């Protein structure tokens, strides 16, 4: 058990089940949007674009501009900044094409 302020606390990691459904797309997205390669990031089903903005910033407009430019979708198409929701919309549009 950890001493000090962490004594008695338990860390629970968020699920990655939905992210894993989109593994190849997630990898492509992280490279295209954030220029991050596998192993340089950790994402879960709860990960949001806000997790990848500068500390203290809540401006995702530049990220959405890039997402729209590369994947042809915007915030109004997705309804949230959750990465799994973004992946789902990209995948849905690819199926329709």
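Only the coordinates and a few stated rules stand behind these numbers; no lab work does. As the structure is a computational prediction, the values presented were derived from the model and not from experiment. Cβ coordinates were reconstructed from backbone atoms using ideal geometry, including for glycine residues, and neighbour counts include every protein chain displayed.
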Classify region 42-86 as rounded, prolate or oblate from the Cα gyration tensor: take a ≥ b ≥ c as the square roots of its eigenvalues, call it rounded if a/c is under 1.5, otherwise prolate when a/b beats b/c and oblate if not.
oblate
Helix 23-34: inclination vs the chain longest Cα principal axis, degrees, rounded to 10, gives 90 degrees
Report the label-to-label distance for residue 45 and residue 60 in nanometres (one decimal), using points 7 Å from each Cα along the Cα→Cβ vector.
1.8 nm
Which label in (i) 129; (ii) 180; (iii) 163 gives the computed volume of the Cα convex hull per residue in Å³:
(i)
For 71, 41, order by how many other beta-carbon atoms lie within 10 Å, fewest first:
41, 71
For the chain, what is the relative contact order in percent, using Cα pairs closer than 8 Å and at least 6 residues apart in sequence?
26 percent
By how many nm would the segment from residue 80 to residue 53 lengthen if fully extended, with 0.36 nm per residue of separation less the alpha-carbon distance?
8.2 nm
Helix 61-71 vs. the chain, principal-axis angle (Cα, 0 to 90°, nearest 10):
50 degrees
How far is helix 83-96 tilted off the main Cα axis of the chain, in degrees rounded to 10, range 0 to 90?
30 degrees
